[in-house]
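What follows is a short report on a single structure.
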Amino acid sequence: MTLSLAMPAVAVLLYPGCVFFEIALLAEELAGHAEIFYLTPDGGEHVASNGAMLRADGAYAMLERERWDAVLVPGGDPGSIIPDGLADAGLQAAAGQGAVIAGICGGNLVLAAAGLLKGRRATHNYTAEHAGHEAAAFTEPFWRGIEYCARDVVKDGNIITALPWAYVECTAAVMTSLGWMDEAGRAAFYRRHGPRLAWEKEAS
């Protein structure tokens, strides 16, 4: 498959064990601005975490052959792709082209394994506080060389990392980075989707 030049192109990396929910809002917002391609390691169908069957538009190899405006990596359990480095070459190619690369939750571990976070500021939830001591110790080698920031979302150049509960903030960060959301749009977006809505309902 060759990308159309009519619209910007965004790739979503699906993998066994990923949680599509974490980037669902982002994919929904991007759909009005870009053509979204769902990629799996081998281009085969993907069974989502909710049991839905998603048709893939291609394999991870497309990341190396085409030019992308953004690549999204959802969280979950990326153990199915990290040991063999299945996403590494494609992510490195897309990042080298200047694409916005966004990871959330376990997606950040995929970015770290690909070497995209070394020398950068980034966040992740594989800390003893959030993941427990065993998981923190097991993943510690992946985080060497990054400047860890205890924030929900961190943007460093064209790389965005986000914690799993910050999918609203992650969406705004990606949309802003691509130039598809200004300050007024960001404020309106938070009014529609921000956590303050729940607080306001409780207060009323």
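Specify which residue in the list Ala56, Ala184, Pro164 is farthest towards the positive end of the charge dipole of the chain, using unit charges on the beta carbon of Lys, Arg (+1) and Asp, Glu (-1), about the Cα centre.
Working it through, the farthest residue towards the positive pole turns out to be Ala184.
In debye, nearest 20, what is the charge dipole magnitude of the chain about its Cα centre with +1 on Lys and Arg Cβ and -1 on Asp and Glu Cβ, if you could check?
With only Lys, Arg, Asp and Glu charged at Cβ, the dipole is about 380 debye.
If I model a spin label at Asp182 and Lys118 as a point 7 Å from the Cα along the Cα→Cβ vector, what separation in nanometres do I get?
Taking the simple label geometry, Asp182 and Lys118 are separated by 4.1 nm.
For the chain, modelled as a Gaussian network with Cα springs under 10 Å, which listed residue fluctuates most, Val73, Val47, Val110?
Looking only at Val73, Val47, Val110, the biggest GNM fluctuation is shown by Val47.
Sort Phe37, Phe138 by accessible area with a 1.4 Å probe, largest first.
My answer, sorted largest first, is Phe138, Phe37.
Ignoring solvent entirely, what values of log10 I(q)/I(0) come out of the Debye formula for the chain at 0.08, 0.09, 0.11, 0.16 Å⁻¹ when each Cα is a single scatterer?
-0.25, -0.32, -0.49, -1.04
Where does each of 179-192, 77-90 land if you order them by average Cβ count within 10 Å, highest first?
77-90, 179-192
Per-residue ellipticity at 222 nm for the chain, helices alone: DSSP H runs ≥ 4 residues times -39500 (n - 2.57), over residue total, nearest 500 deg cm²/dmol?
-9500 deg cm²/dmol
Need one number: nm distance between label points at Arg67 and Glu45, each 7 Å from Cα along Cα→Cβ, rounded to one decimal.
3.5 nm
Between Ala89 and Cys149, what length in nm is gained on full extension when 0.36 nm per residue of separation is reduced by their alpha carbon distance?
19.0 nm
The values are calculated or read from the model by the stated rules, or taken from the named source; none is laboratory data. It should be emphasised that the depicted structure is a prediction, and the values quoted were computed from it without experimental measurement. Because the Cβ atoms are built from the backbone with ideal geometry, glycine has one as well, and the counts that use them run over all protein chains shown. Calculation scope for accessible area: heavy atoms of the full protein, side chains included, ligands and nucleic acids excluded. Shrake-Rupley method; radii C 1.70, N 1.55, O 1.52, S 1.80 Å.
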